[in-house]
Amino acid sequence: MRKVIMTLAITLMGVAAQAKDIKTVIFTTQPQMHCASCEKKIKGNLRYEKGVKRIDTSVEQQKVTVKYDADKTSAEKLQKAFKKFGYEARQVKANEKVKRDNTQSCSNM
């Protein structure tokens, strides 16, 4: 019985040690996203950043939502990564409204 309990305890400690710290951050970009091509450019480039687990974009809301492993990267590092492919990113709250600028043209066309 002791062996079973010890084995179970060691297994649980191993599982707990492997638990990842997954966080979510939301950005808006400048220039703003205007089309599917803009979304594709952002997703295609951010997916190569270390620790990124999922990327969701919304042209309508002007938001990029990134789930990431906090043990491998940070919101600040992800924000800096946008510069590598021509965007400035600003962190926003989930309920924050971002105005869409319809006067800008898409730079990806």
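Figures for the structure shown
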read-out: Subset of the stretch 53-77 [polar (S, T, N, Q), touching a residue at least 12 places away in the same chain (Cβ under 8 Å) and farther than 21 Å from Asn95 by Cβ]; value: Thr73
read-out: Residues of the stretch 80-95 satisfying the condition of being within 18 Å of Gln61 (Cβ to Cβ), surrounded by 11 or more Cβ atoms within 10 Å (Cβ to Cβ) and without any contact (Cβ under 8 Å) to a residue 60 or more places away in the chain; value: Phe82, Tyr87, Glu88
read-out: Qualifying position, being of a type in the set (S, T, N, Q) and farther than 18 Å from Asp101 by Cβ, among Thr65, Thr57; value: Thr65
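Values quoted throughout were computed directly from the atomic coordinates according to the rules given, and no laboratory measurement underlies them. Quick caveat: nothing in here was measured; it's all calculated off a predicted structure. Ideal geometry is used to build each Cβ from the backbone, glycine not excepted, and the neighbour counts take in all protein chains shown.
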